[in-house]
Amino acid sequence: MSKTKTHIYKNNPAVAEAFARYLQKQISTSDVFHIALSGGSTPKALFEYIAKNYAREIDWQKVHLYWGDERCVSPSHEESNYGMTELKLLRHINIPFVNVHRVLGTRNPAEEAKRYGEEIVWNLPLKNGLPIFDMVLLGMGGDGHTASIFPHQMELLTTDKTCAVAIHPESGQKRITLTGKVINNAKEIHFLVTGASKTKVVKEIFDKTGDYEKYPASFIDHAEWWMDEAAAEGVS
């Protein structure tokens, strides 16, 4: 992890502000921008900040939104990543309906993973035989999972599928997730990680100690990490 670029800020709002500024710059220099979004508390703060400060400063006509993972629930469900994004961001920006590519969480999971993967392949350019996102946003759980690739499904890091069905290890909830090869094929990958509950895992991944090889997040390469001081404690 010595070559990994880190951005460390005081707290979650500061991370959101800094990354929003970076994202606006990247979009402004692109003709079209395909980005896979993440769910969770850190992206929620980011979406709120963008909606308030960059709704008109970003040319949303050239932005295409996808989701790195989604729970198999309706868009109105409180656990829906799309639902959170719609509430915090989409309703506040002028983005074409056809540019929002959501996972249809109420469909058969296996069929939807196949359909969503085909939609991604259809819309994105290919490199190494895989779709290439301009940017993928990732969070990380306290167990080291990222997107919805959990430690008990490490095979999702190496499958040739674009999307796959993931199963939450505790609740058994099914999810649709981008797979490891597709994530690692992106032009840019950014982890947004905040909170003291992530400190131990972050440090083990960066130092390559402890259980780091059991953490799916440790297998994501060329990623930049945007963290608050709590999550990054002990990272040099």
If I compute solvent accessible area with a 1.4 Å probe over the protein chains, what percent of it on the range 26-96 is carbon and sulfur? 42
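Using the alpha carbons of the chain, what is the convex hull volume per residue in cubic angstrom, as a whole number? List each step's numbers first, then the result.
Working: hull volume 27.6 nm³, N = 236.
Looking at the chain, the number lands at 117 Å³ per residue.
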log10 of Debye I(q)/I(0), alpha-carbon scatterers only, for the range 101-215 at 0.11, 0.13, 0.18 Å⁻¹: -0.38, -0.53, -0.98
Bridge type composition, the range 131-212 - antiparallel percent by DSSP, nearest 5: 65
Once the dipole of the range 143-236 is set up from charges on Cβ (+1 Lys and Arg, -1 Asp and Glu), the residue from the list THR199, THR146, GLN173 lying farthest towards its positive end is GLN173
Taking the chain and counting helices only, DSSP H stretches of n ≥ 4 at -39,500 (n - 2.57) each over all residues, the nearest-500 ellipticity at 222 nm comes to -8500 deg cm²/dmol
Mean separation of Cα contacts under 8 Å, 6 or more apart, over the residue count of the chain: relative contact order %: 25
Spin-label zone in the range 33-72 - amide nitrogen under 18 Å from a point set 7 Å from the Cα of LYS161 along the C-beta vector: 67-72
Taking only protein heavy atoms into account and a 1.4 Å probe, give the accessible area per residue of the chain in Å². 47
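Over the range 85-236, what is the percentage of antiparallel beta bridges among all DSSP beta bridges, to the nearest 5? It would help to have the intermediate numbers written out before the result.
Details: 8 of 16 bridges.
If we restrict to bridges inside the range 85-236, about 50 percent are antiparallel.
Which FRET efficiency value, to the nearest 0.05, do you get for ARG56 and GLU224 by plugging their Cβ-Cβ distance into 1/(1 + (r/R0)^6) with R0 = 22 Å?
E between ARG56 and GLU224, to the nearest 0.05, is 0.25.
The values are calculated or read from the model by the stated rules, or taken from the named source; none is laboratory data. What you see is a predicted model; the values in this text were computed from it and never measured. Reconstructed Cβ throughout: ideal geometry from the backbone, glycine too, with neighbour counts over all protein chains shown. Each accessible area value is taken on the protein alone, full model and side chains, heavy atoms only, with ligands, DNA and RNA left out. Shrake-Rupley method; radii C 1.70, N 1.55, O 1.52, S 1.80 Å.
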